[in-house]
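Take a look at the structure set out below.
The values are calculated or read from the model by the stated rules, or taken from the named source; none is laboratory data. All values derive from a computational prediction rather than experimental measurement. Note: ideal-geometry Cβ built from the backbone for every residue, glycine included; neighbour counts use all protein chains shown. Side chains included, ligands, DNA and RNA excluded: accessible areas come from the protein's heavy atoms. Shrake-Rupley method; radii C 1.70, N 1.55, O 1.52, S 1.80 Å.
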Amino acid sequence: MLFKILFLIAALKLHDSKVEPLSPTLLYCLPILLISLISGTPLLSLLIGAIIMLCVSYVYFGLLTKFNHGVEYFAVMGVGGAILLLFV
């Protein structure tokens, strides 16, 4: 969980400097997937989880790109961050 929080913060910082959703998505997902691969997660489970995590995080950073200021930005950041950390 700590690694997920650190990678999400790093991806949000990258999203602030690059306003496109692909780079932060990869920065968030690839290290988590590599850690899962090293820890011995079965390959089919890892593949399904990777697809789900990539899709959800791409939508998350895409919404942050679309709503880039105001209350909507912070609502998407909070709710989406909680979904990414707790459920995906």
Exercise. Across the range 11-22, what is the total count of residues that are open to solvent by less than 30 Å² (accessible area, probe 1.4 Å) and farther than 17 Å from LEU85 by Cα?
Worked result: 2
For this session: For the range 24-64, enumerate the residues that are loosely packed, with under 15 Cβ neighbours inside 10 Å and closer than 13 Å to PHE7 by Cβ.
Result: LEU30, LEU34, ILE35
For this session: Determine which member of the set LYS4, LYS13 is in contact (Cβ under 8 Å) with a residue 60 or more places away in the chain and of a type in the set (D, E, K, R).
Result: LYS4
Exercise. Of the conditions (1) modelled with pLDDT of 90 or more; (2) open to solvent by less than 90 Å² (accessible area, probe 1.4 Å), GLY70 fails just one. Which one is it?
Worked result: (1)
